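Before any comments, here is the structure.
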Amino acid sequence: MAMTMASLISFVRASTPKPLLKSPFCPLRPSSFYFRLRPSPPLLQHSSVSAFFSGQPQSPSPTSIEDNPLLQDFEFPPFDVIDASHVRPGMRALLNMLDDDLAELEKTVGPSWSKLVEPLERIIDRLSVVWGAINHLKAVKDTPDLRSAIEEIQPEKITFGLKLDQSKPIYNAFKAIKESSEWETLSDARKRIVESSIKDAVLSGISLEDDEREEFNKIQQELAKLSKRFGENILDATKKFEKLITDKKEIEGLPATALGLAAQIAASKGHENATAENGPWMITLDGPSFMSVMQHAKNRALREEIYCAYVTRASSGDLDNTPIIDQILKLRLEKAKLLGYNNYAELSMATKMATVDKAEQLLEKLRAASWNAALQDMEELKQFSKNQGAPEANELAHWDISFWSERLRESKYEINEEELRPYFSLPKVMDGLFNLVKMLFDIDVVPADGLAPVWNSDVKFYCIKDSTGAPISYFYFDPYSRPSEKKGGAWMGEVFARTRVFSHDKTSVRLPVAHMVCNQMPPVGDKPSLMTFREVETVFHEFGHALQHMLTKQDEGLVAGIRGIEWDAVELPSQFMENWCYHRDTLMSIAKHYETGECLPEDIYQKLLAARTFRAGTMSLRQLKFATLDLELHSKYVPGGPESIYDVDQRVSKRTQLLPPLPEDRFLCGFNHIFAGGYAAGYYSYKAYFNHDYHIFLWAEVLSADAFSAFEDAGLNDNKALRETGYRFRDTVLALGGGKDPLEVFVEFRGREPSPEPLLRHNGLLQATA
């Protein structure tokens, strides 16, 4: 089935106000924070603690609550000194103060910006500052005491959030603005804030009365507790698995970097004399360790053991997520029905631009389009492994696929990803990335270590300056895996957003700050962090998110940067930045051998380009399986009915996997994205964009590829033309934030509606489609 533009056109015009961003997530890239009216990553307050709470200067006494670092006068969060002991008293003091602020707002609220939105933003922002810092530390420096403190205080925080969500005076004031004669004079940004606030209030239960509202609030509390525990169980189950290996024959095939990491892990666990050459070596389920075994270990029995351990994480004993999933699905269904929806998927779609039916139709079209390509991938893999004399060639199992795929890629493109690592040292990659954005967007990224406290000595801090040398934003970068305390994956989150409300003089703005978190292989011995090409892409991806947050020119805080952007479009800048990893000048600027300084050979660059779409059908089908399973569980599955969640998984897999899951597969127990990460009944939208005006549902790759094609049209070797196009991208996609409809923003940049042709061309599908 050819994937044509016609096959993507399947949606009706949206009749509801356009929903605002519910926080950006990437698969395996969890966001660190959610918050009420307009859930967003954590924010940082720049004012002093006195101005922060009362607007009047105060001198905290040594024994007062202000001694709590969460409530101190800080320019950047005191990540280096915050610990679990500060959470309960700090949060309770803050909630008491904000409760007074809310009561005052409800007394004085009026249908104007100064009497409604600005004081409301202050309340939201103040809570975001403290709660965001706490939750960020939990994601990167988890401890049992911190978990316990958050678990105790979270219900109180949620209670306040619900009180804010369900405030009738605030809701009525927003409606009054919408119905006023001044409505048409408001800016697009302000209109979007008002429309979304009204919708969000309804979805937060403001229309429910008495018993129904009480039940809704109980469900919200319980769902928050369950999601928190779900994620913690995954982290604990991942940490719990350790396999010590003393015989090097057992790990034959692992590259030197993986052996070094395995020895380093063993040394950290008490085997002080461990070396890459002689061991012992420790294998874990953390990403770099797990993938090195799956891709390179010749020991098939070891691959099977590690694979089975991975797909059964958090599925037994005290860490079993099965009953948590059952309860989450049950409560989500009850919540949806309280709000008048048939199922949770319908409720989820109320803040998106699709419908359940249309999303299912699109997923099926794409599944059908991907199936034959995935079949061809599998046949090619079987034939290759058979030619290599593999006994398992005719019956490849799950733990064989990655191993033989790597061997096939090495053979087909003469590329060995591990042999490429020395060309991608982290310092060179970051230098090349910063030089790229200087050329494209006329900004300088300069080290600012020491300016802001950090949570780990490996964390770097940077300042972004404009062409005049003035600071316009800051960001933290935490690059390395720390499986004992840090969540897996990679993500970007707010520390605080650009806004005029919190400027000191009301004429300037508060500058945005972000954090970028990855989980790549740390330095081993005296070697720097040597990256896989995929890790390079991940850094570029997350920096794309960060740029949209940091280069915003939107001064309305509630729609500045990544805030307010429809979920379906938020991946545009991140995927756009990934394209530059294949740009010759950019790649050659970062791909230099860490010891010799030698540039990546030209023939290797050409092979990287050729390998870009390797096993694309298989990769597409995998994502479609996740999206289809997500929708099925949230639309058709009946909690407590005849089917278990694993029955649903097996049933969906028959249409979306060439190899059926193992009977003992408990992948769902580790599906953080939909049970603890905000993607519930929305995983489809990770790569989706809905053009509500022209009835098109497009992959986000379509938008990002089409945006990148503007640079191709300008001439990738013409720096002057690239700069001109880059400035236009900066002043539209990166600058306008959530204050304008994303389709309008795209058209303003590109000069036309999005086209799928650049993506199809990049993927080598244009001729087949035509």
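Tabulated values for the structure
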{"item": "Criterion violated by Met430 - all others in (1) of a type outside the set (Asp, Glu); (2) crowded, with 20+ Cβ neighbours inside 10 Å; (3) under 25 Å from the mean Cα position of the chain (by Cα); (4) at pLDDT 95 or above satisfied", "result": "(2)"}
{"item": "Matching residues, the range 344-367, being hydrophobic (A, V, I, L, M, F, W, C) and either more than 24 Å from Met619 (Cα to Cα) or at pLDDT 85 or above (or both)", "result": "Ala345, Leu347, Met349, Ala350, Met353, Val356"}
{"item": "Leading residue by the ranking (most open to solvent (accessible area, probe 1.4 Å)) among those in the range 634-679 that are acidic (Asp, Glu), within 27 Å of Arg615 (Cα to Cα) and assigned to a loop (DSSP other than H, G, I, E, B)", "result": "Glu664"}
{"item": "Hits in the range 396-419 (condition: touching a Lys or Arg at 6+ places or on another chain (Cβ under 8 Å), in a helix (DSSP H, G or I) and open to solvent by less than 20 Å² (accessible area, probe 1.4 Å))", "result": "Asp400, Phe403, Ser405"}
{"item": "Members of the range 363-386 found to be touching a helix residue (DSSP H, G or I) at 6+ places or on another chain (Cβ under 7 Å) and under 17 Å from Glu632 (Cα atoms), listed by number", "result": "Leu363, Lys365, Leu366, Arg367"}
{"item": "Residue in the range 287-295 that is under 29 Å from the mean Cα position of the chain (by Cα), more than 17 Å from Phe241 (Cβ to Cβ) and buried (at least 19 other Cβ atoms within 10 Å of the Cβ) present", "result": "yes"}
{"item": "Residues of the range 727-748 classified as part of a helix (DSSP H, G or I), in contact (Cβ under 8 Å) with a residue 40 or more places away in the chain and either touching a strand residue (DSSP E or B) at 6+ places or on another chain (Cβ under 6 Å) or surrounded by fewer than 22 Cβ atoms within 10 Å (Cβ to Cβ) (or both), total", "result": "4"}
{"item": "Residue in the range 316-338 that is in a helix (DSSP H, G or I), of a type in the set (Lys, Arg), modelled with pLDDT under 95 and open to solvent by 10 Å² or more (accessible area, probe 1.4 Å) present", "result": "no"}
{"item": "Any hit, the range 617-625, residues being on the phi > 0 side of the Ramachandran plot and surrounded by fewer than 20 Cβ atoms within 10 Å (Cβ to Cβ)", "result": "no"}
{"item": "Every residue from the range 199-215 that is touching a helix residue (DSSP H, G or I) at 6+ places or on another chain (Cβ under 8 Å), surrounded by fewer than 20 Cβ atoms within 10 Å (Cβ to Cβ) and assigned to a helix (DSSP H, G or I)", "result": "Leu203, Glu212, Glu215"}
{"item": "Qualifying residue in the range 247-258 (condition: assigned to a helix (DSSP H, G or I), open to solvent by 10 Å² or more (accessible area, probe 1.4 Å), of a type outside the set (Lys, Arg) and over 17 Å from Asp526 (Cα atoms))", "result": "yes"}
{"item": "Selection within the range 564-597 - more than 27 Å from Gly715 (Cβ to Cβ) and free of Cβ contacts under 8 Å to residues at least 60 places away in the same chain", "result": "Thr596, Gly597"}
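The values are calculated or read from the model by the stated rules, or taken from the named source; none is laboratory data. The shown structure was predicted, so the numbers you read here are calculated from the model rather than taken from an experiment. Quick reminder, even Gly has a Cβ in these numbers, built from the backbone with ideal geometry, and neighbours come from all protein chains shown. With ligands, DNA and RNA removed, areas are computed over all heavy atoms of the protein, side chains included. Shrake-Rupley method; radii C 1.70, N 1.55, O 1.52, S 1.80 Å.
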